[in-house]
Amino acid sequence: MEELEPSELGTQEYWNTRYSKEIEDFSNHGDPGEIWFGEDIVDRVIRWMNKSDLIKKDSKLVDVGCGNGMLLVELANDGYTDLTGIDYSDKAVELSKKIAEKQNLNIKFFNYNVLESIPDSYQIFHDKGTYDAISLSENSKENRLKYIENISGSLSDGGILIITSCNWTQSELNEQFHEKFNLLSIIPTPQFKFGGKVGNVVTSCVYQKK
Ligand SMILES: C[S@@+](CC[C@H](N)C(=O)[O-])C[C@H]1O[C@@H](n2cnc3c(N)ncnc32)[C@H](O)[C@@H]1O
């Protein structure tokens, strides 16, 4: 399996610049910024969570690389109570705090690099687009392996990882995560047809820590 070509999306500078602009937009127009992969994916993930026996409204959940924190805002509005967002961009943390405060939501946000440390343990990890961004960094293989090790290290026993990716297929994700995780479920995502073949634009997989 080949690594992806590094791109600016794999750098902290890119995200700081981007979220600085989004802070301005939020202050000026109340626009929270981009919902990566669209709102439909967020709805599908939350619907899956609501149906799962393994997830409770008070399960301790962290959104890794939370960006503007909108997934957590949706979860809080849906009744989830123990929510944390972490991001290595201090601008993302600033933006997500502002958005959650404006809605009086009780969500914790921290400025952490998932490749360095996650100083707490969680029952659920959610990732939408962060493993993708890490896969576009320099030394991507090393960073991907570190990500998998750190996430599995701070998941409690039997904990769940919900990951949505546009860069890796289901089978590529399985290959990358299988040593530490069992595939539990695939959240259906919209499909497109190209050259007679049916493919997915994004992949959402749910894994359970071994
Ligand atoms: C494609 S964006 C997705 C943001 C958010 N999850 C969403 O769906 O809107 C990728 C996010 O991952 C964050 N990120 C990338 N590498 C990270 C790392 N090593 N530790 C923590 N956050 C990281 C970026 O700052 C950015 O907010």
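The values are calculated or read from the model by the stated rules, or taken from the named source; none is laboratory data. Please read these numbers as outputs of a predicted model, since none were measured by experiment. Heads up, the Cβs are rebuilt from the backbone with ideal geometry, glycines too, and the neighbour counts pull from every protein chain shown. Protein only, heavy atoms only, side chains kept; ligands, DNA and RNA dropped before computing areas. Shrake-Rupley method; radii C 1.70, N 1.55, O 1.52, S 1.80 Å.
Some points to look at:
- Residues in segment 60-88 that are over 22 Å from residue 186 (Cβ atoms) and over 17 Å from the mean Cα position of the chain (by Cα) were compared, and the one that is surrounded by the most Cβ atoms within 10 Å (Cβ to Cβ) is 81.
- Within segment 125-143, residues that are among the basic types (Lys, Arg) reach partners that are part of a strand (DSSP E or B) and more than 6 Å from the ligand (Cβ to nearest atom) with beta carbons closer than 7 Å, at six or more positions or on different chains, in the pairs 128/164.
- Once segment 18-54 is narrowed to residues that are in contact with a helix residue (DSSP H, G or I) (Cβ under 8 Å, 6 or more places away or on another chain) and among the β-branched types (Val, Ile, Thr), the residue that is most open to solvent (accessible area, probe 1.4 Å) is 35.
- Subset tally (residues that are buried (at least 23 other Cβ atoms within 10 Å of the Cβ), assigned to a helix (DSSP H, G or I) and of a type in the set (S, T, N, Q)) for segment 121-164: 1
Yes/no matrix, rows are residues, columns are (1) touching a residue at least 60 places away in the same chain (Cβ under 8 Å); (2) touching a Leu at 6+ places or on another chain (Cβ under 7 Å):
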residue: 43; (1), (2): no, no
residue: 50; (1), (2): no, no
residue: 55; (1), (2): yes, no
residue: 62; (1), (2): yes, no
residue: 75; (1), (2): no, yes
residue: 78; (1), (2): no, no
residue: 86; (1), (2): no, no
residue: 91; (1), (2): yes, no
residue: 118; (1), (2): no, no
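- The one condition in (1) within 14 Å of the ligand (Cβ to nearest atom); (2) without any contact (Cβ under 8 Å) to a residue 60 or more places away in the chain; (3) in contact with a Leu (Cβ under 9 Å, 6 or more places away or on another chain) that residue 111 fails to fulfil: (3)
- Selection status of residue 13, more than 23 Å from residue 157 (Cβ to Cβ), open to solvent by 30 Å² or more (accessible area, probe 1.4 Å), in contact with a helix residue (DSSP H, G or I) (Cβ under 9 Å, 6 or more places away or on another chain) and within 15 Å of the ligand (Cβ to nearest atom): no
- When 57, 97 are checked against the criterion of being assigned to a loop (DSSP other than H, G, I, E, B) and either open to solvent by 80 Å² or more (accessible area, probe 1.4 Å) or more than 11 Å from the ligand (Cβ to nearest atom) (or both), a single residue qualifies: 57.
- Matching residues, segment 106-120, being exposed (fewer than 13 other Cβ atoms within 10 Å of the Cβ) and of a type outside the set (S, T, N, Q): 116, 119
- Within segment 165-180, at least one residue is away from the ligand (no atom under 14 Å from the Cβ) and aromatic (Phe, Trp, Tyr).
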